[in-house]
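My questions will all concern the structure given below.
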Amino acid sequence: MTDPAGDPIPVRVLYLAGSGRSGSTLITTVLGQLDGCFAAGELRYLWQRGIVDNRPCGCGEPFDSCPTWRAVRRTLGTPDAAGTPDALDAPDAAGIAARLRTRQRMRDLPALLRRAATGRRAVPPHPDDAVIAAIYQAIARQTGTPGNGPVVIVDSSKLPPYGALLRDLPGIDLRVLHLVRDPRGTTFSWRRRRGLDGAGDQKLMSRPPVWKAALLWRVWNAATVRLFGGDGPDRYLRIRYEDVVADPAGQLRRIASFAGLDPAGLPLDAAGRVTLAPTHSVAGNPSRHRTGAVPITDDAEWLRALPGRSYAVVTAVTLPLLRRFGYPVRRPVPPAAASSDPAVPASPESGSVVPPQPVSVPAPTKEG
């Protein structure tokens, strides 16, 4: 998108950062119901899961068949469903995906934080950055409505290094929503067996061991605070999953306003349910395919079902951040009845989109 002088207009990106299994897919899908918002899902996976593996879009269509993503890709010159580039110099999707994984390795995080602390680019520049920045401009051009102002893109990629990369790219106006959930709850959720794109998908989401899930929670949440916590209240907002399920209307309005969206259109009813239409999220939890009336309820099963040894391990690993984020050390008393996973809300009361089977089987993933 350009201004009257022909210069690119910065694209506003609401970046959901932190650890996985903290409710980011639900929040992304809800925000995607608002005018002027595009729920893109985990855009760092666009190159692998979308272009290379042709996995289902959030709308249920294979990525190559989704009209929205086909329009975006024509802008970039990436190959269409027949394998023919729509323009010259089609980006090397597989190469970009592989290089992004290398540029976001956990072992490189200390050096990344040192660079950021001294005012340098946290993620060293790379020729791929021009294509990565262009995808956000392309989305804004193809999904914006003339006369209604610029679109807000919700990117739920979560990894702090990718968020730091976006912040330093030209043409991106980044706002960071830091989602936090009790690490005992996220660890329990990680251990569930779940298809990458639903129950019928033979490719499963990753299931890290308890200690690793706890370590990831600690590292990525600490890094999010270090990288973005000092950016000011107009650039960084921290929200706890537990507060969202306790007060959906209040917290979702707060998030929408922070992103620069009008919260009046939030699809919430008096019973605490959200009515969801399909989005075009490129990757994320399989609940991104759900539509209809979906209740927002707490996933409290871990309070009863997480084994004592696992609880102790997670608590010990994450102790430095538990109190900072307002979580108790001792196991809270479980509520009267358990409910479902925050990333997969309770069964909707009306229809849902059932995604097609993936066209190809991708390599194992490290994040979900």
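The values are calculated or read from the model by the stated rules, or taken from the named source; none is laboratory data. The structure presented is a predicted model; accordingly, all values stated were derived computationally and were not measured. All Cβ positions, glycine included, derive from the backbone under ideal geometry; neighbour counts span all protein chains shown. These area figures cover heavy atoms from the full protein model, side chains too; ligands, DNA and RNA do not enter into them. Shrake-Rupley method; radii C 1.70, N 1.55, O 1.52, S 1.80 Å.
Calculated FRET efficiency, residue 219 and residue 269, Cβ-Cβ r, R0 45 Å, to nearest 0.05?
Details: r = 38 Å, r/R0 = 0.85.
The formula returns an efficiency of 0.75 here.
Can you work out the FRET efficiency for the pair residue 246 and residue 277, with r the C-beta to C-beta distance and R0 = 30 Å, to the nearest 0.05?
Using R0 = 30 Å, I get an efficiency of 0.75.
Considering the zone a paramagnetic label at residue 115 would reach in this model (a point 7 Å from Cα along the Cα-to-Cβ line), which residues of region 218-238 have amide N under 15 Å from it?
Only 227 fall inside the zone, counting backbone N under 15 Å.
Could I ask something else about it? Just the number, please: carbon plus sulfur as a percent of the accessible area of region 22-74, 1.4 Å probe, no ligands or DNA/RNA counted. Kindly include the intermediate steps, with their values, before the conclusion.
Numbers: 520 of 1240 Å².
Carbon-and-sulfur percentage of accessible area, whole number: 42.
Quote the FRET efficiency, to the nearest 0.05, computed for residue 9 versus residue 309 with a Förster distance R0 of 41 Å and r equal to the Cβ-Cβ distance.
On the way: r = 53 Å, r/R0 = 1.30.
Taking R0 as 41 Å, the efficiency between residue 9 and residue 309 is 0.15.
Between residue 207 and residue 92, what length comes free when the chain is fully extended (0.36 nm per residue of separation minus the Cα-Cα distance, one decimal in nm)? Walk me through the numbers on the way to the answer.
Working: separation 115, 0.36 × 115 = 41.40 nm, distance 2.94 nm.
Taking 0.36 nm per residue and subtracting the Cα distance, the gain is 38.5 nm.
Along the Cα→Cβ direction, 7 angstrom out, place labels at residue 333 and residue 321. What is the inter-label distance in nm?
Between residue 333 and residue 321, the label points sit 2.9 nm apart.
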